[in-house]
Amino acid sequence: MEDIDRLAAEYGTASAEQQPYGRARAAVSWSAIVAGAVGMAAFSLILLTLGTGLGLSSLSPWPGSGAHAKTFGVAAVIWICVTQVMSAGLGGYLAGRLRRHWPGIGTDETHFRDTAHGFLAWALATLLSAAILTSAISGLAREGVSVGAQSTERMASGTGALNRGNALTAYSTWPMGYLIDGMLRPAAGTSSASDTSGADPVFATAQQKQEIARIFLNSLPAGGALSPDDSDYVARIVAQKTGLAPADARARVTTTWSRLQEKAQAEENAARAAVETARKATVHVTLWLFISLLMGAFAASLMATIGGRMREF
């Protein structure tokens with residue numbers, strides 16, 4: 001009984017005779033937890049908005065100006081951690097300071113309850129923020145899928161000349177069209193044979209160029225050389241339109257085919273590099289988010305004990 005009276009006097013509570021130990025109030029003050037969580041979520045939103053503004057102001061599309069990408073990434077990680085610690089500390093302090101009074105309990109129990117209040121406030125704010133961000137991310141994901149589909153379509157008609165599914169318009173794309181035009185360019189000081197169709201004998205028709213593009217695209221997935229029949233056929237068209245000797249025409253076809261394979265391999269390597277970069281960035285961001293959340297949980301629990309101690313005094 002004397003210990004209870006001493007603790008009551010230390011925390012400014014009623015004595016054992018004034019407040020029986022069995023009439024202690026509920027251990028969890030949900031109103032204080034909700035208040036702390038709301039304050040934490042709101043303050044976190046404010047800090048994230050400020051960080052976004054500062055980050056965008058440091059970027060520039062012009063070369064040589066603005067922050068480096070690596071510097072920007074490090075600054076973003078630091079700001080996320082700072083945001084989590086500051087907002088969680090505020091929410092934990094509010095939860096500890098606003099919780100109800102617990103007369104007649106020991107110091108260790110009070111410390112534990114205050115820590116639990118801070119942790120619960122942080123957990124509730126994290127769940128609320130996750131729900132809001134999930135809906136926002138879902139909208140961004142839908143927009144991303146739409147943009148990705150449009151980009152894929154443009155790739156299929158642009159640099160996607162190397163895409164096997166676009167053979168009908170392959171010639172109009174880069175680099176396929178450029179390479180075919182260069183292959184069919186008349187050699188200096190040569191005269192081409194007459195075209196029986198009545199078209200200009202020097203320039204290949206659009207149908208012929210598209211046919212060559214389809215031949216190239218048909219063999220491109222294999223990654224090897226053109227088949228002998230395809231190589232002979234394209235070489236005859238090149239010899240007819242450029243005035244080159246058959247051997248020189250075949251050499252030009254081989255050179256063009258090699259350059260096309262190099263372009264295709266370069267595009268494939270670039271795509272794989274982009275996927276790998278995105279994977280590493282996702283892992284990096286996820287790990288730092290995990291660390292920042294742990295820091296926030298600790299800050300909320302610590303500040304709740306401080307707020308609870310100030311609540312008693």
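Of the residues screened, SER227 is not one that is under 30 Å from ALA32 (Cβ atoms) and among the small types (Gly, Ala, Ser).
Do we have ALA273 as surrounded by fewer than 18 Cβ atoms within 10 Å (Cβ to Cβ) and outside any helix (DSSP H, G or I) here? No; evaluated as a whole, the condition is false for this residue. Looking across the stretch 83-111 at every residue that is among the hydrophobic types (A, V, I, L, M, F, W, C) and in a helix (DSSP H, G or I), the one that is nearest to the chain's Cα centre (by Cα) is identified as VAL85.
Checked against the criteria, THR110 counts as modelled with pLDDT under 95, among the hydroxyl-bearing types (Ser, Thr, Tyr) and over 30 Å from LYS280 (Cα atoms).
From the list LEU260, LEU244, LEU226, LEU217, the one residue that fits, being of a type outside the set (D, E, K, R), in contact with a helix residue (DSSP H, G or I) (Cβ under 6 Å, 6 or more places away or on another chain) and assigned to a loop (DSSP other than H, G, I, E, B), is LEU226. Just one of the numbered conditions (1) in a helix (DSSP H, G or I); (2) over 23 Å from the mean Cα position of the chain (by Cα); (3) in contact (Cβ under 8 Å) with a residue 40 or more places away in the chain is not true of ALA235; which one? Failing condition for ALA235: (3). The single condition from (1) modelled with pLDDT under 85; (2) in contact with a Pro (Cβ under 8 Å, 6 or more places away or on another chain); (3) small (Gly, Ala, Ser) that ALA239 fails is (1).
For the stretch 67-109, name all the residues that are of a type outside the set (A, V, I, L, M, F, W, C), in contact (Cβ under 8 Å) with a residue 24 or more places away in the chain and touching a Ser or Thr at 6+ places or on another chain (Cβ under 9 Å). Hits for the stretch 67-109 are THR83, GLN84, SER87, GLY91, GLY92, GLY96, ARG99, ARG100, HIS101, PRO103, GLY104.
The values are calculated or read from the model by the stated rules, or taken from the named source; none is laboratory data. Since this is a predicted model, take the numbers as computed values, not measurements. Using ideal geometry, Cβ is built from the backbone for each residue, glycine included, and neighbour counts are taken over all protein chains shown.
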